Structure formats: C-alpha cells, structure tokens
Amino acid sequence: MDNIDPKRRSANMARIRGKDTAPEMQVRRIAHRMGLRFRLHRKDLPGKPDLVFPKHRLAVFVHGCFWHRHPGCARASSPSTRVDFWAAKFAANVARDARQQEELGRLGWNVLVVWQCDLKDQGAVATVLKSATEISP
Ligand SMILES: [Zn+2]
C-alpha cells in the first residue's frame with residue numbers, strides 16, 4: 001500500500017526528473033533581475049527547455065556538466081566502473097541534446113546552453129543572456 005498522496009508524488013517525480021534544480025533556479029533569478037519575461041519547461045517545445053523567452057525566440061537549457069557532458073569540463077569526468085554502461089548513457093544524452101537543439105533551430109528558436117559551472121560567474125551568465133535576448137527574432 002502506497003500512502004503518498006498524488007500531489008506529493010508528482011512533486012517527488014518532478015524532483016527526480018531534475019526540474020527546479022539549483023543551477024536552474026540561479027538562471028531564473030538572473031533573468032528575473034534583468035527584467036526578462038520567461039516561461040518554464042514549455043512542454044510543446046523539443047526538449048522542454050528550462051527557460052523560454054518567447055519575445056526573443058530564445059530557448060535556454062541549464063545543463064549539468066556531468067550528465068550533459070560539458071566538453072573539456074572537470075565536472076564531466078567519467079566513472080571508472082561500468083565504463084560501457086556510462087559511455088552509452090552519456091552518448092545517448094549528448095545525442096538527445098543535439099537533436100532537440102536542432103529541432104528547436106528548425107522551428108525558428110535560438111538556443112542557449114548555460115552550463116552548471118558557468119554559474120560560478122553569474123555576471124558572465126547575465127552578459128550572455130543579455131546579448132542572446134538582444135537578438136531580434
Ligand atoms: Zn562545466
């Protein structure tokens with residue numbers, strides 16, 4: 001018998017799926033401070049981008065360096081056990097990201113990826129976001 005009420009369960013599931021993660025919250029705060037209007041996790045768009053700036057046709061993904069394999073990043077280390085398992089898993093993640101970004105591009109969206117480690121310098125993220133939202137659609 002499972003006593004978790006449905007509302008609580010869906011909150012748990014959302015957390016498991018990686019929504020509302022700390023780096024994402026940081027990007028939201030930066031965008032909010034800049035006075036930008038955005039929506040979250042638009043389900044009708046490929047990959048459900050973490051933030052969507054409709055006015056600027058900009059989709060933003062906040063990617064964990066490990067899971068999404070930030071190229072050249074120390075956080076994208078590979079586990080030393082079950083090497084094949086992880087290699088396949090990472091390759092699938094990277095391929096999925098590329099496919100989703102390509103589809104967004106075809107639909108006329110600009111895509112910006114903010115890496116978890118980029119958030120060490122929030123000013124730099126704000127600068128990138130500023131130039132990305134200055135582009136006319
Ligand atoms: Zn990184």
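Quick look at the numbers
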item: Percent RCO, i.e. relative contact order, over the stretch 22-134, from Cα pairs under 8 Å lying at least 6 residues apart; result: 30 percent
item: L112 long-range amide H proximity, modeled H, under 5 Å; result: A59, V60, F61
item: Net +/- balance of residues flanking A88 in space, Cβ distance below 13 Å, scoring K and R +1, D and E -1; result: +3
item: Simple label model, 7 Å out from Cα along Cβ direction - R106 to K55, nm; result: 3.0 nm
item: Gain upon complete extension [A88, L45; 0.36 nm per residue less C-alpha separation]; result: 12.9 nm
item: For the stretch 22-134: Kirkwood Rh in Å [reciprocal of mean 1/r, alpha carbons]; result: 14.8 Å
item: FRET efficiency estimate (nearest 0.05) - Cβ-Cβ, R75 to R37, R0 25 angstrom; result: 0.20
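Here, each number is a calculation from the coordinates, and none is a lab measurement. Computed from a predicted structure; not experimentally measured. Positions of Cβ are generated from backbone atoms using ideal geometry, with glycine treated the same way; all protein chains shown enter the neighbour counts.
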